[in-house]
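Take a look at the structure set out below.
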Amino acid sequence: MKELLITGSSGFIGNYFINKYKNKYNIKTFSFLKDDINSLDCNGIDIVFHLSALVHQMGGASASEYKRVNVTQTLNIAQKAKESGIKQFVFMSTVKVYGEETTCKYTENSICSPEDEYGKSKFTAELELRKLEDENFKVSIIRTPIVYGYGVKANIKSLVNLTNKVPVLPFGKIENKRSMVYIGNLCHLVDEVIKQQKSGIFLASDDEPLSTTRLIELIAKNLDKKICLIKIPFFESLLKLLKPSFYKRLYGSLEIDNTITKEKLNLKNPYSVEEGIKYMIKGENI
């Protein structure tokens, strides 16, 4: 049984991974908030799964804070891992390294041009990690779009709450395409990367993108709520003018084609989009 060290283990992804794979790996955890990296004992550890991060903040965080958490701390533990003889470092990154919403599909080989400080810090960490890589130290970088599942917070939670409370919403006939990934599909990818000891860039995504309209319909279905989605003239234009960030999330497209990842790992997602949304609302027995 492989020994796995997870940082950020108390977070959304860490919790799910530990519950799902606790019988497959001997799992140790490390917290940058509670533990001292200088006294971290890496003896016997085979893989580091690095989840700890300062994630995208709606109110914004300083560039220096993003750098401290997402770059400096990442490199500190990666260097410690390499010096300790750990063979693989799995880094959770983001599609924000590519930029923002776009009508083009992002692939593993798309040019990276991050626009916000979060994306810039993650891309810098990726570049620095790859400098550490050699035949004895494999670096596996996993880029994710929005990750959803039971207990998810932020924008998805807000949309679930809105759908649960308001029977009529002005989000009918939105035809954007947004790739997301159910947490079970993401963690399955991570497990395969570890099992196959593969390095490089990997893109996580469900098998099909969703429009905002379709997402709300699936949420309502699993909440057992009847909902009426209507299209209001000028609403989209008004939202774009008054609340551009809100408009971008509701009407913008961000689609992923992760064919290369699937072929490299011979990967099949264990969960469909419909199953993912159902388990997000009702929970999954793991």
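Quick note: the coordinates plus some simple rules give every number you see, no bench work behind them. The structure displayed is predicted, hence computed values, not measured ones. As a convention, Cβ positions derive from the backbone with ideal geometry for all residues, glycine included, and neighbour counts pool all protein chains shown.
Among the residues of the range 15-53, the one identified as part of a loop (DSSP other than H, G, I, E, B), within 12 Å of LEU4 (Cα to Cα) and aliphatic (A, V, I, L, M) is ILE45.
When the range 110-159 is filtered for residues that are in contact (Cβ under 8 Å) with a residue 12 or more places away in the chain, exposed (fewer than 15 other Cβ atoms within 10 Å of the Cβ) and either in contact with a Phe, Trp or Tyr (Cβ under 8 Å, 6 or more places away or on another chain) or under 30 Å from GLY85 (Cα atoms) (or both), the ones remaining, listed by number, are ILE111, SER113, LEU132, ASN136, GLY151, LYS153.
Scanning the range 231-286 for residues that are hydroxyl-bearing (Ser, Thr, Tyr), under 23 Å from ILE194 (Cα atoms) and surrounded by 18 or more Cβ atoms within 10 Å (Cβ to Cβ) yields THR261, TYR271.
Of all residues in the range 173-202, exactly one satisfies the criterion of being closer than 11 Å to ILE142 by Cβ and among the aromatic types (Phe, Trp, Tyr), namely PHE202. Checked against the criteria, GLU101 counts as more than 26 Å from ASN38 (Cβ to Cβ) and surrounded by fewer than 20 Cβ atoms within 10 Å (Cβ to Cβ). Restricting to the range 84-104, and then to whatever is within 17 Å of the chain's Cα centre (by Cα) and part of a loop (DSSP other than H, G, I, E, B), can you tell me which residue is nearest to SER211 (Cα to Cα)? Ranking the qualifying residues of the range 84-104, first place goes to GLU101. Looking only at residues in the range 174-230 that are of a type in the set (S, T, N, Q) and in contact with a Phe, Trp or Tyr (Cβ under 7 Å, 6 or more places away or on another chain), the one that is surrounded by the most Cβ atoms within 10 Å (Cβ to Cβ) is ASN185.
Close contacts from the range 221-238, counting a first residue that is farther than 9 Å from LEU169 by Cα and a second that is basic (Lys, Arg) and surrounded by fewer than 16 Cβ atoms within 10 Å (Cβ to Cβ), with Cβ to Cβ under 7 Å and a gap of 6+ residues or different chains, come to ASN222/LYS282.
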